[in-house]
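One structure is given below, encoded as structure tokens.
The values are calculated or read from the model by the stated rules, or taken from the named source; none is laboratory data. Fair warning: this is a prediction, and the values are worked out from it, not measured in the lab. Counting neighbours? That spans all protein chains shown, and the Cβs are built from the backbone with ideal geometry, glycine included. Note: accessible area is taken over every heavy atom of the protein model, side chains too, but ligands, DNA and RNA are not part of it. Shrake-Rupley method; radii C 1.70, N 1.55, O 1.52, S 1.80 Å.
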Amino acid sequence: MKKIDLAKYKIVKNKLPVHIAIIMDGNGRWAKEKKLPRIEGHREGIESVRDIVESCGEIGIKYLTLYTFSEENWSRPIMEVKEIISLLYEQLDTELDGLNQNNVKVQFIGRIHKLPGKVKKRIERMVTTTQKNTGLCLTFAISYSGRAEIIDAVNKIIDLRIKKVNEKGFKKYLYTHTLPDPDLLIRTSGEQRVSNFLLYQIAYTEIVFTSILWPDFRTNELLQSIYEYQQRERRFGGR
Ligand code: IPE
Ligand code: IPE
Ligand code: MG
């Protein structure tokens, strides 16, 4: 337990975002700044993931969704892709017990079938081991594309010969059907774009862009982003 003092950050406990989504960007630049190979940026980024997951659990965030690897990231040089996948493979093993002990329920969204078989096995193990947990619901988006998700949903609907859907009905076919829409989307590293993440779900999400690179984004930066979120007035088109 870290003993996070929300009052110190002027955060109102009963107005916390229910669902936080994060585009974890800037690992490569973090490494470059330090004259290290890019993989070291990804490795340090894992420390941020651990820290943010723990903090979200502790302050009582219900859903955290992390953009870990996009469908488009497959187009990176093969060596980097291999390194990222093998880091993932390693973490799926080393983090399992800790996540389970912290009552975290883990799930994965994206075109997971494209991953190597041994990675998929560990993913299945993590999902089954943690599925009954009742704390933070942690979703990793891997081989994820928001457009692919929408297209996959449409094709499922066509396959089922469904003639018409409304918004509620459509949602059932998205990868995120069990999650509420994100209240807060954070993107690190100074880029101000959504890069194909949760396109359908972020219709009314508050977006916080920060120039901090992902490996430097820790509890302190998370709490600052939540503070910024709480300063916004959400209107959902009303008045
Ligand atoms: C984010 O960091 C991690 C992944 C996309 C897998 P990047 O690797 O995109 O880092 P930058 O954007 O090049 O700094
Ligand atoms: C978005 O970051 C994907 C993830 C963080 C997993 P990218 O680095 O791939 O996005 P672009 O290329 O800057 O838009
Ligand atoms: Mg990037």
The range 49-113, Kirkwood Rh and Cα Rg, ratio Rg/Rh at 1.00
Considering the convex hull of the alpha carbon atoms of the range 178-239, report its projected area averaged over all viewing directions, in nm², one decimal. 5.2
Can you give the charge dipole size of the chain about its Cα centre, rounded to the nearest 20 debye, using +1 on the beta carbon of Lys and Arg and -1 on the beta carbon of Asp and Glu? 760
Candidate cut points under GluC sites (Glu not before Pro) in the range 167-239, DSSP loop plus at most 10 other Cβ atoms within 10 Å of their own Cβ, are 233
With r as the distance between the Cβ atoms of residue 127 and residue 199 and R0 = 22 Å, compute the FRET efficiency 1/(1 + (r/R0)^6) and round to 0.05. 0.35
Using only the alpha carbons, work out the radius of gyration and Dmax of the range 166-213 in angstrom. 12.5, 39
Can you tell me the relative contact order of the chain? Whole percent, Cα pairs under 8 Å, sequence separation 6 or more. 29
Provide the gained length on full extension for the span residue 93 to residue 75, in nm with one decimal, where the gain is 0.36 nm per separating residue minus the Cα-Cα distance. 3.9 nm
How large, in Å, is the range 1-133 by the Kirkwood hydrodynamic radius built from its alpha-carbon pairs? 16.4
Potential lengthening between residue 232 and residue 86 on full extension [0.36 nm per residue; Cα-Cα distance subtracted]: 48.6 nm
Go through the range 176-237 and name the trypsin sites (Lys or Arg not before Pro) that are in a DSSP coil and have 12 or fewer other Cβ atoms within 10 Å of their Cβ. 193, 232, 234, 235
Can you give the translational diffusion coefficient of the chain in µm²/s, computed by Stokes-Einstein from the Kirkwood radius over Cα pairs at 25 °C and 0.890 mPa s? 131
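What shape does the range 107-239 take by its C-alpha gyration tensor, where a ≥ b ≥ c are the square roots of the eigenvalues and a/c under 1.5 counts as rounded, a/b above b/c as prolate, and the rest as oblate? Kindly include the intermediate steps, with their values, before the conclusion.
Values: a/c = 1.86, a/b = 1.22, b/c = 1.52.
Cα axes put the range 107-239 in the oblate bin.
Where the only charges are on Cβ atoms (+1 Lys, Arg; -1 Asp, Glu), what is the dipole of the range 22-121 about its Cα centre, to the nearest 20 debye?
Working: 16 positive and 16 negative charges, 89 e Å.
Result for the range 22-121 is approximately 420 debye, rounded to the nearest 20.
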Listed residues 155, 133, 73; largest mean-square fluctuation, Gaussian network over the chain with Cα springs below 10 Å, found at 155
Mind checking the full-extension length gain between residue 33 and residue 147? Use 0.36 nm per residue of separation minus the Cα-Cα distance, one decimal, nm. 37.8 nm
Cα lying deepest toward the dipole's positive end in the chain, options 101, 26, 141, charges on Cβ: 141
Mean ellipticity per residue at 222 nm, deg cm²/dmol - from DSSP H runs of n ≥ 4 across the chain, formula -39500 (n - 2.57): -13000 deg cm²/dmol
Pairwise label distance in nanometres, residue 1 with residue 100, each label 7 Å out on the Cα-Cβ vector: 2.4
Heavy-atom accessible area order for 170, 236, 217, largest first, 1.4 Å probe: 236, 170, 217
Using a 1.4 Å probe on the protein heavy atoms, what percent of the accessible area of the chain belongs to carbon and sulfur? 51
Hey, can you find the accessible area per residue of the chain for me, probe 1.4 Å, expressed in square angstrom? 55
